Amino acid sequence: MAKILFHQYGKTQVRLTQVVRNGEEHRLAELTVKILFEGDFEEAYSNADNSKVLPTDTMKNMVYVLAGQKPIASPEQFAQDLAAHFLGSVSHLQRVKVDCLQAPWAHIGDHGSAFVQSGSERRLAASSATREDHTITAGIRGLEILKTGESAFSGYLKDEYTTLPETRDRLFGTVLDASWTYRNAALDFNAAHASIRKSLLETFASHQSESVQHSLYDMGTAALKTHDTVSEIHLVMPNKHRILFDLKRFGLENPNQVFISTDEPSGYIEAKLSADT
């Protein structure tokens, strides 16, 4: 008989749009929610006993019920409220994990009921809760950023197969995924998220980059240094290459001006940093 080493189940890709109307000024929140349960559910796997299994359809319904009960103040708070509900209603549930990805809708000018969504960036909020502890993680997914100056790559290891030329002036583009863990679950999550995002972007824009690794470290360090509410930060920064196009064959110079944009293959750089204690 096989032994179960780990199990979890739940509902993914639950799409929710909530509109809160305050006269002519409307507030729009759009989330994609994932809920996962860990607990005493082994009998469903090994003995075909579903008596302790809460249907994933019920999990999905609760997303909409909760959204119908009150406005979504932040994705972090919504994730906490969902986790608290399931821990309170399913006695044999040991841990519930709730992930929320929020699409960035903004008003169009002064129109209170018209919105625009630009780019692929998503706001991340995640709750992992038991009856004894609660961890809140927040972050960014899919934020495309680019430097056209103050970016270099030189002094790297070379062997007989290295063809990449050194440069002190290159384009540096990436699609930033960032997640950070809060020290407590009682914060103004909207203000904290905006401030950390601003810190990451300002550092990316202002410092002299010697590599993606260098930029990643400085960005994470700046976020930790300026936000004592954060205990650690995890950054993923693929290097989305822009390759200088050879115009000499057409009798033209290319003074670092015309590039081929590529998505694949791309460099992959990742690190997790913790605050000094």
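The values are calculated or read from the model by the stated rules, or taken from the named source; none is laboratory data. If you're wondering where the values come from, they're calculated on a predicted model, not measured in any experiment. Positions of Cβ are backbone-derived with ideal geometry, glycine not excepted, and every protein chain shown enters the neighbour counts. Just the protein is used for accessible areas: all its heavy atoms, side chains included, with ligands, DNA and RNA removed. Shrake-Rupley method; radii C 1.70, N 1.55, O 1.52, S 1.80 Å.
Below 16 Å, Cα to Cα, which lysines can Lys240 reach? Residues fewer than 8 away in the same chain don't count.
Straight-distance partners of Lys240: Lys147.
At what distance in nm do the modelled label points of Thr167 and Phe259 sit from each other, each positioned 7 Å from its Cα along Cα→Cβ?
0.6 nm
Can you bin region 90-158 into rounded, prolate or oblate? Criterion: square roots of the alpha carbon gyration tensor eigenvalues sorted a ≥ b ≥ c, rounded for a/c under 1.5, prolate for a/b above b/c, oblate for the rest.
Here region 90-158 falls in the oblate category.
Computed on alpha carbon atoms, what radius of gyration and Dmax characterise the chain, expressed in Å?
23.1, 76
At 25 °C and 0.890 mPa s, what whole-number value in µm²/s does Stokes-Einstein give for the translational diffusion of region 162-277, with Rh from the Kirkwood sum over Cα pairs?
Estimated diffusion coefficient is 152 µm²/s.
Charges on Cβ only, +1 for Lys and Arg, -1 for Asp and Glu, centred on the Cα centroid of the chain; of His241, Ser179, His26, which one is farthest towards the dipole's positive end?
His26
How large a share of the accessible area of the chain, in percent, is made up of carbon and sulfur atoms when the probe is 1.4 Å and the other protein chains stay in place?
Accessible surface attributable to carbon and sulfur in the chain totals 51 percent.
Quote the relative contact order of region 148-213 in percent (integer), defining contacts as alpha-carbon pairs under 8 Å separated by 6+ residues.
Relative contact order here is 49 percent.
Treating cross-link reach as a plain straight distance, find the lysines whose alpha-carbon is under 17 Å from the alpha-carbon of Lys272, omitting any fewer than eight places away in the same chain.
The reachable lysines, counting only those whose Cα sits under 17 Å from Lys272, are Lys225.
With every protein chain present, what is the per residue accessible area of the chain (1.4 Å probe, Å²)?
Roughly 57 Å² per residue, with all protein chains present.
Mind giving me the FRET efficiency for Leu146 and Ala48? R0 is 51 Å, r the Cβ-Cβ distance, nearest 0.05 is fine.
The pair Leu146/Ala48 has a calculated efficiency of 0.40.
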